[in-house]
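Below you'll find the structure, written out as structure tokens, and then a few comments.
No lab work stands behind these numbers, since they all come straight from the coordinates. Because the structure is predicted, anything quoted here is derived from the model rather than measured. Every residue, glycine among them, receives a Cβ derived from its backbone with ideal geometry; neighbour counts consider all protein chains shown.
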Amino acid sequence: MQLSNHNVLITGGASGIGWALAQGFLKRGNQVIIVGRNQAKLDAAQAAFPNLITYRCDLQDPAAVEALSVQLINGHPDLNVLINNAGVQYAYQLLDEPHAVARIAQEVRINLGAPLQLTALLLPHLAQHEEAAVVNVTSALGVVPKSSVPVYSPTKAALRSFTQTLRIQLAATSVRVFELIPPFVDTDLTAGREGDKVAPEVVAEAFFEGFANDKVEIRVGKVKLLLGLHRWLPAMARQIIEKKP
Ligand SMILES: NC(=O)c1ccc[n+]([C@@H]2O[C@H](COP(=O)([O-])OP(=O)(O)OC[C@H]3O[C@@H](n4cnc5c(N)ncnc54)[C@H](OP(=O)(O)O)[C@@H]3O)[C@@H](O)[C@H]2O)c1
């Protein structure tokens, strides 16, 4: 993929990994649209980069996602790259969580339902372009699940599986399908947890290198080692993940 002249939509683009990706695309000469819930964060991002386009949308709401996709298709005919980055991670013990059913629904919707819905709605539009991409941000926990985040891990496993099937379905089209697998990153999502975190910019740089080289599965930093280990010694990989904060 070229690194410039795209029109890129990034969900969760006002903070963390999404914001690092947004700045990276802007600096490389792309038009960038970010989506988030928090208007103050969207405004701050827009103030830093006046060319940036922002949309407020709660991805938890299917009707809002549908309305957003109509606005995007009508308002941004050049849109050719979709980055499904927004996500949440809830840590709880199912047995002790009084609102488990509601929390499950929320996490499954944001991490899985919304990216699938947005992909399905935007795909016909993306496929009209000579060069297009869908990028799904998953996690090593989608391969090696962690017991403290019992729903996050399966949502990422399912998003990874969807990414792989979509890649095959779209092989004969102009749409390339990427999976970005970050390591432990210093963002709001990991706030308050100790450990060897990398900066979101490190993830963004690894992404741009992979994107430029059409590397469809972009494993960043220690993810390479962990997934390699998981292939041959899955029990050891699970032990390592369980010990992480
Ligand atoms: N941090 C890590 O160690 C790590 C590792 C592997 C994978 N990842 C993945 O990387 C992605 C980005 O996470 P991050 O670490 O950068 O965390 P983050 O800073 O908390 O960013 C998450 C983003 O998702 C958006 N978001 C969440 N719920 C939303 C909703 N209902 N509607 C609209 N936007 C919503 C947030 O926007 P608002 O603030 O406006 O709600 C925020 O911008 C996630 O998919 C995460 O699973 C992270």
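Ordered by residue, what ³J(HN,Hα) values in Hz, to whole numbers, does the stretch 67-76 give under the Karplus form 6.51 cos²θ - 1.76 cosθ + 1.60, where θ = phi - 60° and Gly and Pro are x?
5, 4, 5, 5, 4, 5, 5, 6, x, 9
Quick one: net charge around Ala132, please, counting Lys, Arg +1 and Asp, Glu -1 for every other residue with C-beta under 14 Å from its C-beta.
Every neighbour counted, the sum reads -2.
Would you pull out the residues with amide H under 5 Å of Asp58's amide H, same chain only if 5 or more places away, H placed 1.01 Å from N?
When sequence neighbours closer than 5 places are left aside, there are no close amide H contacts.
Could you tell me how many cubic angstrom of Cα convex hull volume the chain has per residue?
Looking at the chain, the number lands at 125 Å³ per residue.
Suppose the chain between Glu130 and Arg37 were pulled fully straight at 0.36 nm per residue; how much longer would it get relative to their current alpha carbon spacing?
Full-extension gain reported as 30.3 nm.
Given H placed 1.01 Å from N in the peptide plane, which residues other than close sequence neighbours of Leu180 have an amide H under 5 Å from its amide H?
Those lying under 5 Å, H to H, from Leu180 are Asn136, Val137, Thr138, Ile218.
Defining a contact as two alpha carbons under 8 Å apart and six or more residues distant in sequence, what relative contact order in percent does the stretch 7-243 show?
Once divided by the residue count of the stretch 7-243, the mean separation gives 18 percent.
Listed here are the pairs Lys156/Lys222; Lys197/Lys243; Lys41/Lys224; Lys224/Lys244; which of them are more than 23 Å apart at the Cα?
Long pairs (Cα-Cα over 23 Å): Lys41/Lys224.
Would you order Asp61, Asp214 from fewest to most other beta-carbon atoms within 10 Å of each residue's own beta-carbon?
Asp214, Asp61
Which percent, nearest 5, of DSSP beta bridges in the stretch 1-119 are antiparallel?
For the stretch 1-119, the DSSP antiparallel bridge percentage is about 0.
Roughly how many debye, to the nearest 20, is the charge dipole of the chain about its Cα centre, given +1 on each Lys and Arg Cβ, -1 on each Asp and Glu Cβ, and no other charges?
Dipole magnitude for the chain comes out near 580 debye.
Return the Cα extents of the stretch 57-183 along principal axes one, two and three, sorted largest first, each rounded to a whole Å.
For the stretch 57-183, the Cα extents along the three principal axes come out at 50, 29, 21 Å.
List Ser139, Ser69, Ser4 from most exposed to least, where exposure is judged by having the fewest other Cβ atoms within 10 Å.
Ser4, Ser69, Ser139
Counting other Cβ atoms within 10 Å of each Cβ, which GluC sites (Glu not before Pro) in the stretch 159-240 have at most 10 and sit in a DSSP loop?
Sparse-neighbourhood loop GluC sites (Glu not before Pro): Glu194.
Hey, what do the phi angles of the stretch 107-113 turn into as Karplus ³J(HN,Hα) couplings, whole Hz, using 6.51/-1.76/1.60 and θ = phi - 60°, x for Gly and Pro?
3J(HN,Hα) across the stretch 107-113, in whole Hz: 5, 5, 5, 5, 7, 10, x.
Considering the options Gly12, Leu170, Leu121, tell which one lies farthest towards the positive end of the dipole of the chain, charges being +1 on Lys and Arg and -1 on Asp and Glu at the Cβ, about the Cα centre.
Positive-end residue among those listed: Leu170.
If N is the number of residues in the stretch 110-188, what value comes out of its Cα radius of gyration divided by 2.2 N^0.38 Å?
Dividing the Cα Rg of the stretch 110-188 by 2.2 N^0.38 Å gives 1.18.
Put +1 on the Cβ of each Lys and Arg and -1 on the Cβ of each Asp and Glu in the chain; which of Ile34, Gln60, Leu141 then has its Cα farthest toward the positive end of the dipole?
Leu141
Over the Cα atoms of the stretch 150-245, what Rg and Dmax result, in angstrom?
14.8, 45
In whole Hz, with x marking every Gly and Pro, tabulate ³J(HN,Hα) for the stretch 142-147 from phi via Karplus 6.51 cos²θ - 1.76 cosθ + 1.60, θ = phi - 60°.
Once rounded to whole Hz, the list reads x, 9, 10, x, 10, 5.
Which FRET efficiency value, to the nearest 0.05, is calculated for Leu229 and Gln169 with the Förster distance at 35 angstrom and r the Cβ-Cβ distance?
E between Leu229 and Gln169, to the nearest 0.05, is 0.70.
Roughly how far apart, in whole Å, are the Cα centres of the stretch 62-117 and the stretch 5-56?
If you average the Cα positions of each part, the centres end up 17 Å apart.
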